[in-house]
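Single-structure report; data block below.
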Amino acid sequence: MSVALQSDSVWRAAWLRFQTNGVGLVCLGLVAAFLLLIALAATGLVAGGWQREVGVPNAPPVWLGPRPAEDTGPVDAPKGPPVDLSDIDPLAPRYAEWAERAKAYQTTAEVRAETLPLGGDRLGRDVLAKAVKGTEVSVFVGVLAAVVATLLGTVLGALSGYFGGRIGDALEWLYNVFTAIPSILLIFAFAAVFGRGIATVVVILGLVGWTDLYRQVRAEFMKHRSREYVRAAEAIGASHAARMFRHILPNVSHVILVRMSLLVVGFIKSEVILSYLGLGVPVDQVSWGTMLAEAQSELILGYWWQLVAATAFMAVFVTAFSLLADAWRDALDPKLRGLE
């Protein structure tokens, strides 16, 4: 019971220390707002109709106003005599009849907006809705892939650093195999083999990104396994799993959190690259990567709003998440708690 109480007090002290960090609290609110937005987008309450063409192609943002009408030339231009197309196209006399019959099956034409809150893309889809839906996909991929890589790196690093011996040698061999090949080549190779898809991207990034965290966790466990508090836990009969994950892990969690925040940022960038190259999310989905890929051709024509929207959403989330991880690292650092 005393061990559990001590473990709980560590996390409680970290939370109390975190509450004194104003920047951390603001970033926690921003990340929580993004997570709420993601949940609403996943349920379809927000940005459910991001694929609808609600505006004119490349509709500008509201504050820019509608684009001026294009000059189609003088309306009183001289016209030549009517051309009889019946000799060229035998079906030409039926076109007018078919057009009248088609009107009977047509509903009222949908009026497209001249402007949208953050503008529209080349098909007239709302950029704001695409950015919200893209937040769901990109953050889901980045965070979930980082969780997979963190779990792999933490467990394997803990086993290697705590036990050493043959277990450590086997895991070191596995680590050397993965680091012998550049990570970007591994990502492309796995993507070419497994194909496109959100789940595929998560698995690929998780399998590739655990190596750096593994080395850090291994070094921390090698350093902590012979310390007094671990020896004391061994003396009272604590199991290897309890010593590894109840005693040592809370004291190295600040390292894991910092590395995980870097993994989230890196994996979001990797998703952008994969989607840009056509190896990321499917074509019927939208992410920050696909938005940036589309914005490249739009920017040449002067339509910059999709690029700005995707970049702004990504920059705010990445910055808030990184600062939040730094705040938690300071709260969990044993040196700052005065335990070392």
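Computed from the coordinates by the stated procedures, all read-outs in this text should not be read as laboratory data. If you're wondering where the values come from, they're calculated on a predicted model, not measured in any experiment. Note: ideal-geometry Cβ built from the backbone for every residue, glycine included; neighbour counts use all protein chains shown.
Assorted remarks:
- Relative contact order computed over region 155-289 (Cα-Cα under 8 Å; 6+ residues apart), in percent: 31
- For region 193-290, the direction-averaged projected area of the alpha-carbon convex hull comes to 7.6 nm².
- P(r) tail fraction, region 147-213 - alpha-carbon pairs more than 20 Å apart, %: 33
- With neighbour counts taken as other beta-carbon atoms within 10 Å, the residues I198, I167, I248 rank, fewest first, as I167, I198, I248.
- Ordering of 287-300, 208-221 by packing [mean C-beta count within 10 Å, highest first]: 208-221, 287-300
- In terms of overall dimensions, the C-alpha atoms belonging to region 238-340 reach 64, 26, 15 Å along their principal axes, ordered largest to smallest.
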